[in-house]
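**Student:** After the structure tokens below, expect a handful of questions from me.
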Amino acid sequence: MGWNSWNFFAEKVTDKDIRGAADSLVATGMKDAGYVYINIDDTWEAERDSTGLLHTNAKFPDMKALADYVHSKGLKIGIYSGPGNKTCGGYAASLGHEEQDAKMYADWGIDYLKYDLCSFIPDVMEKQAPNDKAAQMRIMIAAYDKMSKALKATGRPIVFSLCQYGWDAPWEWAPALGGNLWRTTGDVSPDWDRIAVIGFSQAGLEKYAGPGHWNDPDMLEVGNGKLTMAENRSHFTLWAMLAAPLLAGNDLTTMKPEVKAILTNKDVIAIDQDALGKQGTRAYAEGEVEVWSRHLSGGALAVSIINTADTGRYSTHPFHLDLAKLGLHGPQKGKDLWTGKPIELTENMPILLDTHDVLLVRIDAPK
Ligand code: GLA
């Protein structure tokens, strides 16, 4: 759990924004809710000097001092690079300098690296193995393995986040090379349709996630763009059901109270962070209603019901819950995690949800 600069600041991010995010993570109670990492995404890089050492650009005058500042708040700090010559933003990346960069990150006190494929495709994969997809895949895996080994050789624990947009099933090979999380999709955007496509496409990947190695359906857009509060709730719910990394991506310094309430909902965070680490999946979909469930430690069950219909209030309704499709029998006592109130789920009960809104229920003793 943490925060990443890309979704809100993109290429404009500065040292000041990172400090502001760290301050706000603490001041807003997000740190207390479990958010730990402050991750700098692309555009911090300048050029290499004659020794190959990569320098930071004017937006980041002193990375070691920035890392010290973030650490002084009891937080951890992440950074970004890639295996090619250039990052996605066109800045210097790590090709041929993997050990040197890893050592520099460790010297600065970096705790997390997001490693983004981008120019490695034309720079290396397509050059070394034109028209040979299988060979290109082997080259890509070797590049991620190289950085993973370079990070390990520093002796500093550094979370390794693979960003290659879910191509070539990273869930099958990333854990073995020490990947802690791997993107499963292309980029998210602050738009309900994109969030829904990404989130609901994760069904089937649940068997690859577990403690220490997670599917990453990209960072949170909660509080960004024109997302409604219902959409923010549904987005956060779905990511929690998916045991996804929760990397907030909004401007924490101007966050509205209702957005903060979503990002710091302790019950929903507890679903995401459940110790069993079992990713949830689709129980069934009916019309435009998606019903997902997630097994939790202690035998508990989380059930989310999301109304994906675009127009009109309650446009897909009445929707009647089918408990048998959730493996449940008879009335189930639970807690509605968005109202905080007790709720009983009964066979065939009608559930009214506004457009793109969600009901999330935790059942401690499902029957
Ligand atoms: C890619 C990644 C994004 C972000 C940008 C930065 O698009 O998928 O998450 O890191 O690059 O340039």
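**Student:** Can you confirm whether the range 63-80 contains a residue that is over 28 Å from Ile139 (Cα atoms), surrounded by 16 or more Cβ atoms within 10 Å (Cβ to Cβ), of a type in the set (Phe, Trp, Tyr) and within 16 Å of the ligand (Cβ to nearest atom)?
**Tutor:** The answer is no; no qualifying residue exists.
**Student:** Restricting to strands (runs of 3 or more DSSP E) lying wholly in the range 256-349: which have 1 or more residues that are modelled with pLDDT of 95 or more, touching a Pro at 6+ places or on another chain (Cβ under 8 Å) and surrounded by 13 or more Cβ atoms within 10 Å (Cβ to Cβ)?
**Tutor:** Details: elements: 281-286, 289-295, 301-307, 332-336, 342-345.
Filter on the range 256-349 gives 301-307, 332-336, 342-345.
**Student:** Is there any pair with a first residue in the range 148-159 that is within 15 Å of Trp108 (Cα to Cα) and a second that is outside any helix (DSSP H, G or I) and aliphatic (A, V, I, L, M) whose Cβ atoms are under 7 Å apart and which are 6 or more apart or on different chains, and what are they?
**Tutor:** Taking only residues 6 or more apart or on different chains, the pairs are Leu151/Leu113; Leu151/Ile158; Ile158/Ile110; Ile158/Leu113.
**Student:** While we're on this one: Can you confirm whether the range 231-250 contains a residue that is touching a Gly at 6+ places or on another chain (Cβ under 8 Å) and farther than 30 Å from Gly178 by Cα?
**Tutor:** There is at least one residue in the range 231-250 that is touching a Gly at 6+ places or on another chain (Cβ under 8 Å) and farther than 30 Å from Gly178 by Cα.
**Student:** So Gly166 passes all but one of these: (1) in a helix (DSSP H, G or I); (2) free of Cβ contacts under 8 Å to residues at least 24 places away in the same chain. Which condition number does it fail?
**Tutor:** Exception for Gly166: condition (1).
**Student:** Within the range 32-61, track down each residue that is surrounded by fewer than 21 Cβ atoms within 10 Å (Cβ to Cβ) and either at positive phi or of a type in the set (Gly, Ala, Ser) (or both).
**Tutor:** Passing the criteria: Ala33, Gly34, Ala46, Ser50, Gly52, Ala58.
**Student:** Filter the range 209-221 down to residues that are more than 8 Å from Gly249 (Cβ to Cβ), within 16 Å of the ligand (Cβ to nearest atom) and either at pLDDT below 95 or part of a loop (DSSP other than H, G, I, E, B) (or both), then give me how many there are.
**Tutor:** Residues that pass the stated criteria total 2.
The rows are residues; the columns are (1) modelled with pLDDT under 95; (2) more than 15 Å from the ligand (Cβ to nearest atom); (3) outside any helix (DSSP H, G or I); (4) hydroxyl-bearing (Ser, Thr, Tyr).
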position: Gly90; (1), (2), (3), (4): no, no, yes, no
position: Asp101; (1), (2), (3), (4): no, yes, no, no
position: Met104; (1), (2), (3), (4): no, yes, no, no
position: Leu113; (1), (2), (3), (4): no, no, yes, no
position: Met125; (1), (2), (3), (4): no, yes, no, no
position: Pro130; (1), (2), (3), (4): no, yes, yes, no
position: Ala142; (1), (2), (3), (4): no, yes, no, no
position: Lys146; (1), (2), (3), (4): no, yes, no, no
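**Student:** Could you please give the count of residues in the range 179-189 that are open to solvent by less than 30 Å² (accessible area, probe 1.4 Å), in a loop (DSSP other than H, G, I, E, B) and either hydrophobic (A, V, I, L, M, F, W, C) or in contact with a strand residue (DSSP E or B) (Cβ under 6 Å, 6 or more places away or on another chain) (or both)? Outline the logic, then answer.
**Tutor:** Filtering the range 179-189 for residues open to solvent by less than 30 Å² (accessible area, probe 1.4 Å) gives 179, 181-186, 188.
If we keep only those that are in a loop (DSSP other than H, G, I, E, B) too, we end up with 179, 184-186, 188.
This time we only want the ones that are either hydrophobic (A, V, I, L, M, F, W, C) or in contact with a strand residue (DSSP E or B) (Cβ under 6 Å, 6 or more places away or on another chain) (or both), so: 179, 184, 188.
Of the residues in the range 179-189, 3 are open to solvent by less than 30 Å² (accessible area, probe 1.4 Å), in a loop (DSSP other than H, G, I, E, B) and either hydrophobic (A, V, I, L, M, F, W, C) or in contact with a strand residue (DSSP E or B) (Cβ under 6 Å, 6 or more places away or on another chain) (or both).
**Student:** Further question on the same structure: Would you please list the contacts, defined by Cβ atoms under 6 Å and residues six or more apart or on different chains, that run from a residue in the range 24-42 that is outside any helix (DSSP H, G or I) to a residue that is among the basic types (Lys, Arg) and surrounded by 15 or more Cβ atoms within 10 Å (Cβ to Cβ)?
**Tutor:** Between residues of the range 24-42 that are outside any helix (DSSP H, G or I) and residues that are among the basic types (Lys, Arg) and surrounded by 15 or more Cβ atoms within 10 Å (Cβ to Cβ), the close pairs are Thr28/Lys260; Val36/Lys76; Tyr37/Lys76.
**Student:** Moving on to the next point. I need a count of the residues in the range 182-198 that are within 16 Å of the ligand (Cβ to nearest atom) and either in contact with a Leu (Cβ under 7 Å, 6 or more places away or on another chain) or basic (Lys, Arg) (or both). Walk me through how you get there before you give the answer.
**Tutor:** The initial filter retains those residues of the range 182-198 that are within 16 Å of the ligand (Cβ to nearest atom), namely 182-191, 194-195, 197-198.
Retained after the next criterion (residues that are either in contact with a Leu (Cβ under 7 Å, 6 or more places away or on another chain) or basic (Lys, Arg) (or both)): 182-184, 190, 194.
Matching residues across the range 182-198 total 5.
**Student:** Given the conditions (1) more than 16 Å from the ligand (Cβ to nearest atom); (2) open to solvent by 20 Å² or more (accessible area, probe 1.4 Å), and given that Lys12 satisfies all but one, which numbered condition is not satisfied?
**Tutor:** (1)
**Student:** Something else now. What are the residues in the range 150-174 that are in contact with a Gly (Cβ under 8 Å, 6 or more places away or on another chain), over 21 Å from Glu99 (Cβ atoms) and open to solvent by 30 Å² or more (accessible area, probe 1.4 Å), if any?
**Tutor:** Hit for the range 150-174 is Tyr165, nothing else.
**Student:** Oh, and also: Working only within the range 190-206, note down all residues that are open to solvent by 20 Å² or more (accessible area, probe 1.4 Å) and part of a helix (DSSP H, G or I).
**Tutor:** Asp193, Arg194, Val197, Phe200, Glu206
**Student:** Please go through the range 148-163 and pick out each residue that is part of a helix (DSSP H, G or I) and aliphatic (A, V, I, L, M). First the steps, then the outcome.
**Tutor:** Residues of the range 148-163 part of a helix (DSSP H, G or I): 148-153.
Within the range 148-163, Ala150, Leu151, Ala153 qualify.
The values are calculated or read from the model by the stated rules, or taken from the named source; none is laboratory data. Keep in mind it's a predicted model, so treat the numbers as computed, not measured. Cβ sites come from the backbone with ideal geometry, for glycine too, and all protein chains shown count toward neighbours. For accessibility, only protein heavy atoms count, side chains too; no ligands or nucleic acids. Shrake-Rupley method; radii C 1.70, N 1.55, O 1.52, S 1.80 Å.
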